[in-house]
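This report concerns only the one structure given below.
What follows draws every value from the coordinates through simple rules; no lab data is involved. Just so it is clear, the structure is predicted and the values come from calculations on it, not from any experiment. Don't worry about glycine lacking a Cβ; one is built from the backbone with ideal geometry, like all the others, and counts go over all protein chains shown.
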C-alpha cells in the first residue's frame, strides 16, 4: 500500500469530487449531493489544506487539514494542545476501505498539525 500523501492540486479536482460522491449514502456518512461541493474543494485548495493519497496516479484517499485560529480562541481548549486545528472530510475510496488508509491519513494529519508542516 502506498503511503505517499501529497498536497492536492487543481488537476485533482475531478477525482476529488468523484471520491467525495462515492461516500454519499454510505453508513455513518452525513454527506449529501450538495456537500462537499466544488466550492468546498476550491476553498481547501486555496488554503493549501487538502491532501491526497494516490496509487498509480489515482486518488484513493483525501483529508482536509487546517490550522484554525477560531478554535485557538475557544476557552475550553487545553493551551498545551496548540495550535488548534481541524481534520475534516476524510474519505477513502470504497474498494480500499478497511485497509488502514484512513488511519494513515489521520496520523499524517495529526503530525502535520502538531509540527505545523503545512
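Quick notes
- FRET efficiency estimate (nearest 0.05) - Cβ-Cβ, residue 115 to residue 9, R0 25 angstrom: 0.70
- Of all the options 48, 72, 34, the one that moves most in a Gaussian network model of the chain with Cα springs shorter than 10 angstrom is 34.
- Using the average count of surrounding beta-carbon atoms within 10 Å as a protection proxy, the listed peptides 9-16, 87-94 rank, highest first, as 87-94, 9-16.
- Helix 13-23 axis, angle to the chain major axis (alpha carbon atoms, nearest 10°): 90 degrees
- Normalising the average separation of contacting C-alpha pairs (under 8 angstrom, six or more residues apart) by the number of residues puts the relative contact order of the chain at 26 percent.
- One Cα centroid belongs to region 36-115, the other to region 4-34; the line between them spans 12 Å.
- Kirkwood hydrodynamic radius over Cα pairs of the chain, then Stokes diffusion coefficient at 37 °C and 0.692 mPa s, in µm²/s: 221 µm²/s
- The slack in the chain from residue 33 to residue 72, taken as 0.36 nm per residue of separation less the alpha-carbon distance, amounts to 10.9 nm.
- Estimated 222 nm signal from helices in the chain, with DSSP H stretches of n ≥ 4 weighted -39500 (n - 2.57), rounded to 500: -9500 deg cm²/dmol
- Nearest-ten-degree value, helix 101-115 long axis tilted from longest Cα axis of the chain: 30 degrees
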